[in-house]
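The values are calculated or read from the model by the stated rules, or taken from the named source; none is laboratory data. Only a predicted model underlies this, so the values are computations on that prediction, with no experimental measurement involved. Neighbour counts run over all protein chains shown; Cβ positions are idealised from the backbone, glycine included.
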Amino acid sequence: MKELSLNILDIAKNSVKAKATLIEIVIDERDGWRRLTIRDDGCGMPPEMVATVTDPFTTSRTTRPVGMGLPLLKLAAEQTGGTLKVKSSQGDDHGTEVTATFAIDHLDCVPVGDYAGTMVTLIQGSPEIDFSFTYRREGGDEINLETAQMREILGDVPLDTPEVLSWVYESLTSPA
């Protein structure tokens with residue numbers, strides 16, 4: 001994938017399929033590294049699935065025999081000297097966490113891309129799910145979005161209304 005935001009969309013869609021009620025997305029840039037962490041409280045994966053999840057021929061899809069999301073994210077991270085880690089558990093403490101690190105200054109480091117559009121797409125497609133988004137940039141700039149907080153403020157106004165989605169996009173792309 002040419003942008004990290006597309007990887008975020010792919011992984012978060014898997015979290016939605018795993019019946020997550022909360023999906024946390026954090027992009028943290030410091031000391032020349034970009035760390036992407038996506039954590040959910042979904043049903044989790046069994047250990048044998050976690051062990052092979054970066055193999056392109058491991059997928060839970062029934063429409064095709066390959067799953068390229070995590071293998072491509074792993075490749076993108078490793079091409080910059082970074083890593084990909086996947087942790088998942090089932091049972092009482094269920095959920096999945098995907099963490100990818102990238103050397104920001106490396107020639108092959110993919111750009112973050114349209115993270116605001118990705119968040120709008122996720123909220124529009126799954127307005128009932130709580131999303132937490134944080135983007136910390138080198139130098140102290142930080143962007144945050146919490147749909148649980150938005151629900152408290154908006155009351156009965158659905159998160160997937162055009163006006164709310166427009167506000168989400170603008171708030172994520174406008175300088176503070």
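Please work out which residue is farthest from the chain's Cα centre (by Cα), limiting yourself to the stretch 78-107 and to residues that are at pLDDT below 95 and of a type in the set (D, E, K, R). That would be Asp92. Filtering the stretch 151-176 to residues that are more than 21 Å from the chain's Cα centre (by Cα), loosely packed, with under 14 Cβ neighbours inside 10 Å and at negative phi leaves Glu152, Ile153, Asp156, Val157, Pro158, Thr161, Pro162, Glu163, Pro175, Ala176.
Do we find a residue being touching a helix residue (DSSP H, G or I) at 6+ places or on another chain (Cβ under 6 Å), under 23 Å from Thr134 (Cα atoms), crowded, with 18+ Cβ neighbours inside 10 Å and at pLDDT below 95 anywhere in the stretch 52-72?
Filtering the stretch 52-72 down to residues touching a helix residue (DSSP H, G or I) at 6+ places or on another chain (Cβ under 6 Å) leaves 53-54, 56, 58, 69.
Then drop every residue that is not under 23 Å from Thr134 (Cα atoms), which leaves 69.
Filter once more, keeping what is crowded, with 18+ Cβ neighbours inside 10 Å: 69.
Retained after the next criterion (residues that are at pLDDT below 95): 69.
Yes - at least one qualifying residue is present in the stretch 52-72.
Which of the residues belonging to the stretch 1-58 are assigned to a helix (DSSP H, G or I) and among the charged types (D, E, K, R)? Correct list: Asp10, Lys13, Lys17, Glu48.
Do we have Ala148 as among the small types (Gly, Ala, Ser) and surrounded by 16 or more Cβ atoms within 10 Å (Cβ to Cβ) here?
No, not satisfied.
Looking across the stretch 17-28 at every residue that is at pLDDT 95 or above and surrounded by fewer than 18 Cβ atoms within 10 Å (Cβ to Cβ), the one that is farthest from Gln124 (Cα to Cα) is identified as Asp28.
Candidates are the residues of the stretch 109-141 that are surrounded by fewer than 16 Cβ atoms within 10 Å (Cβ to Cβ) and of a type in the set (S, T, N, Q); the one that is farthest from Leu4 (Cα to Cα) is Gln124.
Candidates in the stretch 29-51 are the residues that are of a type in the set (A, V, I, L, M) and either touching a Cys at 6+ places or on another chain (Cβ under 7 Å) or touching a residue at least 24 places away in the same chain (Cβ under 8 Å) (or both); of these, the one that is surrounded by the most Cβ atoms within 10 Å (Cβ to Cβ) is Leu36.
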